[in-house]
Amino acid sequence: MRPTKPLRLLVAASLVAVGALGATTGGVAAYGHADQPLAQIEFSGNCNNPSFPLCAPPPNGFGLGGIWVWIEIDANGTGDIAGADCGHDRAGSGGAGSIRGEVTWWPSTGPQGEAFAVDPNNLYYNVSLGHGGPPLSFPRTVGHYSFAPAPAVTLQLQVAP
């Protein structure tokens, strides 16, 4: 079974989370007027179904667990990211890690990277996490987006002003 593009985003986001652990910055700036915020993006992905191919242990999948990130999109093409990833295993020896840092972004018509959801207006925030991988493309239209390809596998996205 070939993974769908939204599921590849979950894998990409998990890999970025692991890479971001070593690239943390001081503190994530508070969401406030000084940063000229345009939007907040919250993304959550959970894979807790051992029979689903992408929940298989590496290298065939990314394993059981999840990721949650909050991204502040600022007017100057930069932003902040904060979140956590968590691994689960049947033996109970999973672990968690912090995600914290800076991002850059640019707007586009049509996604320019891995997209989780389809924006009804075809407008996207393309977020680069600075690790050489493709950007993650998030809808610019405010709203809630959800995808559940199998039991115990869910992706949730909220875009807020």
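The values are calculated or read from the model by the stated rules, or taken from the named source; none is laboratory data. Just so you know, these numbers come straight off a predicted model, no measurement behind them. Every residue, glycine as well, gets a Cβ built from its backbone with ideal geometry; the counts of neighbours run over all protein chains shown. Side chains included, ligands, DNA and RNA excluded: accessible areas come from the protein's heavy atoms. Shrake-Rupley method; radii C 1.70, N 1.55, O 1.52, S 1.80 Å.
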Problem set entry | Members of segment 106-154 that are among the β-branched types (Val, Ile, Thr) and open to solvent by 20 Å² or more (accessible area, probe 1.4 Å) | Thr109, Val118, Thr141, Val142, Thr154
Exercise. Do we have any residue at all in segment 31-42 that's open to solvent by 20 Å² or more (accessible area, probe 1.4 Å), at pLDDT below 60 and assigned to a loop (DSSP other than H, G, I, E, B)?
Worked result: yes
Problem set entry | Per-region count, segment 125-154, residues out of contact with any Leu (no Cβ under 6 Å at 6 or more places or on another chain), closer than 19 Å to Asp85 by Cβ and either at pLDDT 95 or above or among the hydrophobic types (A, V, I, L, M, F, W, C) (or both) | 5
Seminar exercise, completed: Looking across segment 69-96 at residues that are more than 26 Å from Pro139 (Cα to Cα) and open to solvent by less than 50 Å² (accessible area, probe 1.4 Å), the single one that is modelled with the lowest pLDDT is Gly94
For this session: With the checklist (1) over 21 Å from Pro37 (Cβ atoms); (2) without any contact (Cβ under 8 Å) to a residue 60 or more places away in the chain; (3) of a type in the set (Asp, Glu) in hand, flag the one item Asp74 doesn't pass.
Result: (1)
Problem set entry | Options Leu157, Leu54; residue that is open to solvent by less than 40 Å² (accessible area, probe 1.4 Å), under 13 Å from the mean Cα position of the chain (by Cα) and not basic (Lys, Arg) | Leu157
